[in-house]
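Below you'll find the structure, written out as structure tokens, and then a few comments.
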2 protein chains.
Amino acid sequence: MKKIIECVPNFSEGRNNHKIEKIIRAFKNKDNVKLLDCQQDKDHNRMVVTIVGEPKAVTFSVVESIRIAVDIIDMRKHQGQHPRMGAVDVVPFIPVKEMNMQDAIKLSKDVAKKVADKCDLPVFLYEASASRDHCQNLSEIRKGQFEGMDEKLKSQKWRPDFGPSQKHPTAGVTAIGARMPLIAFNVNLDTDNLNIAKKIAKKIRFSSGGLPFCKAIGIDLKDKGMVQVSMNMTDYTQTGLFESFNQIKKEADKHGVRVCGSEIVGLVPMAALMNTAEHYLGLQGFSMEQILEARIME
Amino acid sequence: MKKIIECVPNFSEGRNNHKIEKIIRAFKNKDNVKLLDCQQDKDHNRMVVTIVGEPKAVTFSVVESIRIAVDIIDMRKHQGQHPRMGAVDVVPFIPVKEMNMQDAIKLSKDVAKKVADKCDLPVFLYEASASRDHCQNLSEIRKGQFEGMDEKLKSQKWRPDFGPSQKHPTAGVTAIGARMPLIAFNVNLDTDNLNIAKKIAKKIRFSSGGLPFCKAIGIDLKDKGMVQVSMNMTDYTQTGLFESFNQIKKEADKHGVRVCGSEIVGLVPMAALMNTAEHYLGLQGFSMEQILEARIME
């Protein structure tokens, strides 16, 4: 596989195993599609699927899964703790290998158009695929949830990008878009003073004037007797892990506090670690093609 | 592919395209075997092939290629600048994924036994597979080259591990073994004083009391007006890139010289860069399974 795209569709079904199985079947035993993860949450009544693979094969599987979910999930009866607006709540596409953001945006639009036509489903483009500024943020689109969509879609401002301008009676509304991979990256501080973690988080997060593509909060690790700057890095190609790490170290120094380790939660693209090694070793002229495993995957 | 092994067989044919093609065919269009690289050198009259893949498939291809090379290469007529003792001079196996050194050693011995039996070929086990200390080093085994093997093999000390104790009349002798991946890692110094690079190289290489699994020399980069500590890291799991880098930086400091960059020449296993990122970020509890691309390869 030369090109690889990741897709993380969120379905509003986390309880009925029969229905869950029907949806997941779209991703199983398919050439050039790999089901990496499937998290079902009964309280949220929601299922989050992670697949990767060759763009055409992934597109085909995702469209099929959406068609099935729209058929079998009835949002009029849906209850769960997680906010939701449709049977297929949100479908982000993430470029992984030999694809850039523009490729992922194009693919997300293709899928949006296809499922809107096939399923008579209103679809909003969000994040990097958004056609309008106010549609970039998923939570803005989702405000009002399934029950409020009848009213919301009446306004010109909330006209869907594809499909009808009324919500689907049973499947509601879907958001489809492209985004960079999220990296959950946490840095631990050798102090139990939560205030310091909060101050550093405020310094480094973009929303309060810090690093671009960095979200950060300070949290208490009571069991460990330390505090943590917990981050979501939303575009590691713009702000690397090493940049937030170095910045936190600098700020911690000012407080006379030591950084005592870090962790990555969940998956991370190889390139994010490569950038880190490149930075610290001052590597010049290095290319992903030199990584043995990347060559094997060609 | 769960398990991946790399193999870099060296054949004593770098001129005759017809023969080269016959040998390479053993690695082409084979399921679960990927031909990564093939370097033919007319002066050396030698061909170095790099393949990776699933252990059984790689074993099969390598045995086939050796059988063909033994058939068609006549060492009595072989001339070239590179020292050599056989039609298939040396065959190292390198563990890449979900295999450790013990697995690679076992595989190398299986292949050695197979080709010794099939081709009536004397085979020495070398490097990590060596059964005797004096056979670890390839150049010790090869001393005397093809022409000297008749005499050499008469002594008890140079009894082959497998196969007859006379050289093959046309194909000579072969060394087969397992080793860790080599990483060619160079660090540049912001000075044109070659003496400093040589001094630092001497400090950090194992043979003069420095870091284990680190070979180093000082070289002049005349075009760039700087000097370089040029290294072969022979087991990055024992001595990481970051360790030699940090050590060179420390030594350079003593000379008042700045490290101004580094380079990796050729391929590098993902884990060597991962270790580097882990070290500098103080990453805790990180596993290869968290690398997105590694998950895709499962």
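Summary table
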{"read-out": "Cut-off under 5 Å, modelled amide H: who pairs with B:Ala87 long-range", "value": "B:Gly172, B:Val173"}
{"read-out": "Relative contact order, percent, chain B [alpha-carbon distance under 8 Å, six or more residues apart]", "value": "15 percent"}
{"read-out": "Debye-sum result for region A:183-296 in log10 I(q)/I(0), which assumes one identical scatterer on each alpha carbon, at q = 0.10, 0.15, 0.21 Å⁻¹", "value": "-0.31, -0.65, -1.10"}
{"read-out": "Computed helical MRE - 222 nm, chain A, DSSP H runs ≥ 4 contributing -39500 (n - 2.57), nearest 500", "value": "-10500 deg cm²/dmol"}
{"read-out": "Label-point separation in nm, A:Asp110 to A:Lys199, each point 7 Å along Cα→Cβ", "value": "5.2 nm"}
{"read-out": "Electrostatic dipole magnitude of region A:184-298 [Cβ: Lys, Arg +1; Asp, Glu -1; Cα centre; debye, to 20]", "value": "620 debye"}
{"read-out": "Förster radius 22 Å - calculated FRET efficiency between A:Ala184 and A:Lys2 (Cβ-Cβ, nearest 0.05)", "value": "0.20"}
{"read-out": "Local electrostatic count, B:Ile68, Cβ distance below 10 Å [Lys/Arg +1, Asp/Glu -1]", "value": "+2"}
{"read-out": "Average Cα contact separation per residue, region A:125-233, under 8 Å, 6 or more apart, as relative contact order %", "value": "22 percent"}
{"read-out": "Trypsin sites (Lys or Arg not before Pro) restricted to region A:1-72 and DSSP loop, no more than 16 other C-beta within 10 Å", "value": "A:Lys2, A:Lys3, A:Lys28, A:Lys42"}
{"read-out": "Label geometry 7 Å along the beta-carbon vector: B:Asn195 inter-copy distances in nm", "value": "5.8"}
{"read-out": "Separation between Cα centres of region A:238-298 and region B:86-142, rounded to whole Å", "value": "37 Å"}
{"read-out": "Residues listed by number, region B:148-172, amide nitrogen under 20 Å from B:Asp133 label point at 7 Å toward C-beta", "value": "B:156-161"}
{"read-out": "For A:Pro83, label point 7 Å along C-beta direction: distances to other copies, nm", "value": "7.2"}
{"read-out": "Given charges at Cβ of Lys, Arg, Asp, Glu: region A:4-178 dipole, positive-most of A:Gln81, A:Cys119, A:Asn137", "value": "A:Cys119"}
{"read-out": "Peptide B:254-264, shielding by other chains (average Cβ, 10 Å cutoff)", "value": "3"}
{"read-out": "Given B:Lys202/B:Lys250; B:Lys56/B:Lys167; B:Lys30/B:Lys167; B:Lys198/B:Lys224; A:Lys28/A:Lys106, the pairs whose alpha carbons are separated by over 20 Å", "value": "B:Lys56/B:Lys167; B:Lys30/B:Lys167; A:Lys28/A:Lys106"}
{"read-out": "Cβ charges +1 (Lys, Arg) and -1 (Asp, Glu), total dipole of region A:2-154, debye", "value": "260 debye"}
{"read-out": "Ratio of the Cα radius of gyration of the protein assembly as shown to 2.2 N^0.38 Å, where N counts its residues", "value": "1.17"}
{"read-out": "Interchain or long-range residues, amide H under 5 Å from B:Glu6's placed H", "value": "B:Ile94, B:Val96"}
{"read-out": "Other copies of B:Asn32: label-to-label distances in nm, shortest first, labels 7 Å along the beta-carbon direction", "value": "2.3"}
{"read-out": "Sequence-separation-based contact order of region A:73-162, relative, with Cα cut under 8 Å and 6+ spacing, percent", "value": "28 percent"}
{"read-out": "Net charge of neighbours whose Cβ lies under 11 Å from the Cβ of B:Leu267, counting Lys and Arg as +1 and Asp and Glu as -1", "value": "-3"}
{"read-out": "Global form of region B:1-159, assessed from the alpha-carbon gyration tensor, a/c cut-off 1.5", "value": "oblate"}
{"read-out": "Amide H partners (placed H, <5 Å) of A:Tyr126, local residues excluded", "value": "A:Ile176, A:Gly177, A:Ala178"}
{"read-out": "Under Karplus coefficients 6.51, -1.76 and 1.60, residue-wise ³J(HN,Hα) of region A:78-83 in Hz, glycine/proline x", "value": "7, 10, x, 6, 7, x"}
{"read-out": "Candidates per trypsin sites (Lys or Arg not before Pro) in region B:243-298, loop by DSSP, up to 15 other Cβ within 10 Å", "value": "B:Arg258"}
{"read-out": "Positive minus negative residues near A:Leu107 (Lys, Arg vs Asp, Glu; Cβ under 14 Å)", "value": "+2"}
{"read-out": "Nitroxide proxy distance, nm - points 7 Å out along Cα→Cβ at B:Arg25 and B:Lys157", "value": "4.3 nm"}
{"read-out": "Length added when fully stretched, B:Lys222-B:Asp74, from 0.36 nm per residue minus Cα-Cα", "value": "49.1 nm"}
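Values in this text are rule-based calculations from the coordinates and carry no lab data. Because the structure is predicted, anything quoted here is derived from the model rather than measured. No Cβ is skipped: glycine too gets one built from the backbone with ideal geometry, and neighbour counts run over all protein chains shown.
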